[in-house]
Amino acid sequence: MLIIRFQNILYKSIFKIISGKKLKKQNQKQSNLYKQRKPEDSFINPRLVSFKKLNLLIRALSKSYPNPYIIYKNEKIIINKIKPLNQNLNFYNDDILIKSGKIFLKLKDKNIQIIKTNTNFEKINKLYKLTVKSKNKVGTK
C-alpha cells in the first residue's frame with residue numbers, strides 16, 4: 001500500500017517536472033532532521049541496557065543498519081539474536097561470559113545468551129581459552 005502511494009507521488013512529481021509545473025516546497029518548520037547513524041552508534045554497554053531495549057534494537061537494526069555489538073578482549077561481537085536465561089551464571093565480576101563456545105551477557109535486568117552472531121566461533125573459542133587461562137593463573141604460584 002505504501003509502495004503504491006509512493007509510486008503515485010513519484011509519478012506525479014516527475015510528470016510535473018517534465019511539463020514545467022511548479023512543485024510544492026517543503027515546509028521547513030514542519031520537517032524533521034536527524035543525524036545519520038554511524039556504526040559506533042550500535043555499540044551497547046550491557047550494564048546500561050535492558051533485555052527489552054536490546055531485543056527491540058536488534059529487531060529495528062536487523063537489515064538496514066549495523067547490528068548492536070559489544071567489545072570483548074578487543075574483539076567486536078555482533079549481536080543478531082538473543083534469548084533470556086532462567087539459570088544463574090557466575091560472570092566473575094564481568095558483563096560477558098564465554099563458556100564452551102557460547103556467549104552470555106549480563107544485562108541491567110537479565111542474563112541472556114547470544115544465539116546468533118556474525119563473529120567467527122573459532123575466535124570466540126580462542127577468547128574463551130584466553131579467559132580460562134588468565135583466570136586459572138590468578139592465585140596460582
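Values as computed for the structure displayed
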item	result
ASN67 of a type in the set (S, T, N, Q), surrounded by 14 or more Cβ atoms within 10 Å (Cβ to Cβ) and either assigned to a helix (DSSP H, G or I) or in contact with a strand residue (DSSP E or B) (Cβ under 6 Å, 6 or more places away or on another chain) (or both)	yes
Some residue of the range 21-35 being surrounded by 11 or more Cβ atoms within 10 Å (Cβ to Cβ) and not acidic (Asp, Glu)	no
Extreme residue, modelled with the highest pLDDT, among residues of the range 37-64 that are assigned to a loop (DSSP other than H, G, I, E, B) and more than 16 Å from ASP109 (Cβ to Cβ)	LYS38
Any hit, the range 19-34, residues being of a type outside the set (D, E, K, R), farther than 30 Å from LYS76 by Cβ and at pLDDT below 85	yes
Residue match in the range 116-139 (condition: farther than 23 Å from ASP41 by Cβ, modelled with pLDDT of 80 or more and outside any helix (DSSP H, G or I))	no
The range 77-111 - residue that is assigned to a strand (DSSP E or B) and exposed (fewer than 14 other Cβ atoms within 10 Å of the Cβ) and, of those, nearest to the chain's Cα centre (by Cα)	LYS83
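The values are calculated or read from the model by the stated rules, or taken from the named source; none is laboratory data. Just so we're clear, the structure is a prediction, and the values are computed from it rather than from any experiment. All Cβ positions, glycine included, derive from the backbone under ideal geometry; neighbour counts span all protein chains shown.
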